[in-house]
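Okay, structure first, notes after.
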Amino acid sequence: MAITAGTEPVFHLEEEHAHAEGGSTMLGFWLYLMSDCLIFAMLFAAYGVLGGNYAAGPAPKDLFDLDLVAVNTTMLLFSSITYGFAMLTMDKGRVAATQGWLAVTGLFGLAFLSIELYEFAHMIHEGATPQRSAFLSSFFTLVGTHGLHVTFGIVWLVTLMVQVARFGLIKANRRRLMCLSMFWHFLDVVWIGVFTFVYLMGMLR
Amino acid sequence: MSAHDHAADHGHAHGGAAHGSLRGYLIGFVLSVILTAIPFWLVMTGAIDDKQATAIVVMAFAVVQIVVHMVFFLHMNTASEGGWSMLALIFTLILVVIVLTGSLWVMYHLNANMMPGLHDMRQMP
């Protein structure tokens with residue numbers, strides 16, 4: 001590969017092309033997750049600042065049910081491990097098992113969302129709406145944004161299950177499943193912050 | 001080394017870093033369950049009398065659990081993507097720390113110093 005006089009170094013271009021074939025997707029997706037992490041950091045900061053302003057309204061102790069939050073956390077934790085199993089079966093190329101684990105993951109995700117929506121509905125029914133106080137505004141924004149992420153994660157999961165059903169575990173689908181894996185586990189990491197910072201610390205206040 | 005070899009090598013290193021093993025997932029899961037159950041138990045039963053101390057312990061458990069998730073579920077290590085994902089993570093963490101501590105610190109002092117009438121009330125007999 002010696003460069004003789006007058007020869008353009010075309011091999012650089014070829015290498016660039018070979019690299020762009022999905023090779024940098026994981027790093028790109030990781031950078032997206034980091035920017036998403038910053039969104040949550042802003043919302044956590046807002047909650048940290050405003051979380052004590054009850055405007056003579058209900059406080060965390062009056063609203064939160066830790067048993068419910070514990071069940072919710074368990075759902076998300078189970079969905080994380082089942083997604084892990086989906087990735088392991090994907091590595092072995094077993095389509096049916098992968099689909100099965102993905103479905104179980106989606107069901108755990110749905111259970112999480114249902115419990116969260118039940119909690120929100122219960123709070124709003126008691127008059128603890130987002131308009132009630134700065135604490136509730138920041139609470140609903142933070143926890144709601146996380147719930148919205150989970151919702152889109154489930155939409156993405158169903159989309160990928162259809163993709164896998166139609167085209168099998170082709171390279172592109174594996175790459176997509178790996179991106180969703182990072183997204184899903186990332187949401188679990190954010191939830192650790194939510195249940196610690198919002199629910200557990202809220203009960204201690 | 002041709003472009004093809006390079007791509008193949010890259011793909012392999014990548015696959016190994018990003019997937020993990022059954023053992024890794026199970027260790028991560030068991031650790032997560034323990035690290036979740038203890039803080040919930042501490043807050044629900046009030047095992048530690050001092051609320052401040054409970055809060056610090058609960059936060060410490062959260063930090064450990066986040067690291068566990070990063071390592072066992074997100075497969076973070078210094079080698080993945082040639083170190084770039086770790087660099088991005090460190091940069092993000094620095095920003096998060098600045099945002100959180102900065103906001104809380106500034107707004108705490110704002111509340112403490114600017115609350116109308118608070119100082120006067122305190123100085124009243």
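Give just the number: which of (1) over 23 Å from B:GLY24 (Cβ atoms); (2) surrounded by 20 or more Cβ atoms within 10 Å (Cβ to Cβ) does A:TRP101 not satisfy?
(1)
Do we find that A:LEU187 is surrounded by 17 or more Cβ atoms within 10 Å (Cβ to Cβ), within 14 Å of chain B (Cβ to nearest Cβ) and more than 20 Å from the chain's Cα centre (by Cα) in this structure? Don't jump to the end; show me each part of the working.
Details: surrounded by 17 or more Cβ atoms within 10 Å (Cβ to Cβ): yes; within 14 Å of chain B (Cβ to nearest Cβ): yes; more than 20 Å from the chain's Cα centre (by Cα): no.
No, not satisfied.
Against the condition in contact (Cβ under 8 Å) with a residue 60 or more places away in the chain and on the phi > 0 side of the Ramachandran plot, how does A:GLY168 come out, does it pass? Spell out the reasoning first.
Details: in contact (Cβ under 8 Å) with a residue 60 or more places away in the chain: yes; on the phi > 0 side of the Ramachandran plot: yes.
Yes: the conditions hold for A:GLY168.
Would you point out the residue of the range B:27-39, among those that are free of Cβ contacts under 8 Å to residues at least 40 places away in the same chain and more than 7 Å from chain A (Cβ to nearest Cβ), that is surrounded by the most Cβ atoms within 10 Å (Cβ to Cβ)?
Looking at residues that are free of Cβ contacts under 8 Å to residues at least 40 places away in the same chain and more than 7 Å from chain A (Cβ to nearest Cβ), I get B:LEU35.
For the range B:40-76, how many residues are touching a residue at least 12 places away in the same chain (Cβ under 8 Å), more than 15 Å from the chain's Cα centre (by Cα) and more than 7 Å from chain A (Cβ to nearest Cβ)?
The number of residues fulfilling the criteria is 1.
Would you mind finding the one in A:VAL150, A:VAL143, A:VAL198 that is within 26 Å of B:ILE38 (Cα to Cα) and within 14 Å of another protein chain (Cβ to nearest Cβ)? First the steps, then the outcome.
On the way: A:VAL150 fails: within 14 Å of another protein chain (Cβ to nearest Cβ); A:VAL143 fails: within 14 Å of another protein chain (Cβ to nearest Cβ).
Within the list A:VAL150, A:VAL143, A:VAL198, the selection yields A:VAL198.
Between residues in the range A:36-48 that are more than 9 Å from chain B (Cβ to nearest Cβ) and residues that are in a helix (DSSP H, G or I) and of a type in the set (Val, Ile, Thr), which pairs lie under 8 Å by C-beta distance while being six or more apart or on different chains?
That search, which allows pairs on different chains as well, returns A:ILE39/A:THR145; A:LEU43/A:THR141; A:LEU43/A:THR145; A:TYR47/A:THR141; A:TYR47/A:VAL198.
Conditions tested, residue by residue: (1) farther than 21 Å from A:ASN53 by Cα; (2) of a type in the set (D, E, K, R); (3) crowded, with 21+ Cβ neighbours inside 10 Å.
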position	(1), (2), (3)
A:LEU110	yes, no, no
A:GLU126	no, yes, no
A:GLN131	no, no, no
A:THR151	yes, no, no
A:LEU160	yes, no, no
A:ARG174	yes, yes, no
A:THR196	no, no, yes
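I need a count of the residues in the range A:112-124 that are farther than 25 Å from A:VAL49 by Cα and surrounded by 15 or more Cβ atoms within 10 Å (Cβ to Cβ).
Number satisfying all stated conditions: 3.
Residues that are under 16 Å from the mean Cα position of the chain (by Cα): list the helices (runs of 4 or more DSSP H) wholly contained in the range A:19-117 that include at least 2 such residues.
Qualifying helices (runs of 4 or more DSSP H): A:25-50, A:66-91.
Any idea which of A:LEU33, A:LEU38, A:LEU43 is within 28 Å of A:ARG205 (Cα to Cα), buried (at least 16 other Cβ atoms within 10 Å of the Cβ) and modelled with pLDDT of 95 or more?
Matching residue, one of A:LEU33, A:LEU38, A:LEU43: A:LEU43.
The values are calculated or read from the model by the stated rules, or taken from the named source; none is laboratory data. These numbers come from a predicted model, not from an experiment. Note: ideal-geometry Cβ built from the backbone for every residue, glycine included; neighbour counts use all protein chains shown.
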